[in-house]
Amino acid sequence: MVKKKTKIKKRKPTPASNKKDVLKLVSYEITEEPMIDEVYESLPETIQNELKDIHGKIHGPIKDSDRIVSRLEELVKQHRHVPQISNYLAAAYNLTGSNKFEQCVEDNYKKHPDYLFARVHYAGQCMDNNDLEKIPEIFKAGYDLKVLYPHRNRFHISEFIAFNALMCRYFDSTGKRHAAEVMLKSLEKIAPEHPATKQAKRCMQGSLLDKLLTKIKQVTSNNEPLQSTDEDKPSSFEA
């Protein structure tokens, strides 16, 4: 069980870390308590209640999916300034297997480039399509929540999990294993049982195994002795 308020500090970069993807020493508060979003709160109360009901339905098999999708499409047109609605629509498209899903994710990011979940979902989509070079542009080389949003000192746990899981995957995919481990360690500390944490751990274990198998294949084909490197070994670190 996660405490209602938890402070977490990220590892200070080593002296040799002089790249854009450096992890900076920052601190912020993580909470499970509802957070006020002024844009969302500007919606009529009846619409907020309707969206709350829809939100509960799009996290599993959807009943009346056509009706829900149609209603969300209508709400997006009526409230284009509210990124959460497009986020719900993308989730509904995804659950129903709609071919509109990817375009909805991209459109939401382009309309709301500073909205964290729009960033995370579009970045995940880019990674699925092997467009890794787009990730630094999406996050403006800010690989920490506090760096991305310096005016904020508090983040919801769902924001923390979504962002760090995505960054873990990105760093691991680009060969920056130590940075990926920092992200994974923070996820294990704050949300050890969350599916995103477990998935991040499986992905990292799988990528390390693939790397070792590739090395073994190369070595055996060249009749060279197998030697381990520091890159192959999990790094010790503090989150």
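A short reminder: the numbers here are calculations on the coordinates, not readings from a lab. This structure is a prediction, so every number in the text was calculated from the model and none was measured. Counting neighbours? That spans all protein chains shown, and the Cβs are built from the backbone with ideal geometry, glycine included.
What list of ³J(HN,Hα) couplings, whole Hz, do you get for region 98-111 from phi and the Karplus terms 6.51, -1.76, 1.60, once you set θ to phi - 60° and write x for glycine and proline?
Running phi through 6.51 cos²θ - 1.76 cosθ + 1.60 with θ = phi - 60° gives 6, 6, 8, 4, 4, 5, 5, 4, 5, 5, 5, 5, 5, 7 Hz.
Once amide H atoms are placed 1.01 Å from N in the peptide plane, what residues at a sequence separation of 5 or more from residue 174, or on another chain, have their amide H within under 5 Å of its amide H?
Under 5 Å from the amide H of residue 174: no residue qualifies.
In nm, to one decimal, how far is the residue 149 label point from the residue 96 one, both placed 7 Å along Cα→Cβ?
Once both label points are built, they end up 2.9 nm from each other.
Find out how many positive minus negative residues lie around residue 76, taking Lys and Arg as positive, Asp and Glu as negative, among other residues whose Cβ is under 12 Å from that of residue 76.
+2
Tell me, what ³J(HN,Hα) does each residue in region 116-128 have, in order and in whole Hz, if you take phi through Karplus 6.51 cos²θ - 1.76 cosθ + 1.60 with θ = phi - 60° and put x for Gly and Pro?
These are the phi-based 3J(HN,Hα) values: 4, 5, 5, 4, 4, 5, 5, 4, x, 5, 4, 5, 4 Hz.
Report the local net charge at residue 130: Lys and Arg +1, Asp and Glu -1, summed over other residues whose C-beta lies under 15 Å from its C-beta.
It works out to a net charge of -3.
Based on Cα coordinates alone, diagonalise the gyration tensor for region 80-172, multiply each eigenvalue by 5, take square roots, and list the semi-axes in whole Å, largest first.
21, 16, 12
Can you give me the long-range amide H partners of residue 154? Hydrogens built in the peptide plane at 1.01 Å from N, cutoff under 5 Å, separation of 5 or more residues or another chain.
Residues meeting the amide H criterion: 29.
Based only on the alpha carbon positions, what is the Kirkwood hydrodynamic radius of region 45-114, in angstrom?
After inverting the mean inverse Cα-Cα distance, the result is 12.1 Å.
Give me P(r) over region 118-159, computed from all C-alpha to C-alpha distances, binned every 5 Å, as integer percentages.
With a bin width of 5 Å, the distribution comes to 6, 22, 26, 24, 14, 7, 2.
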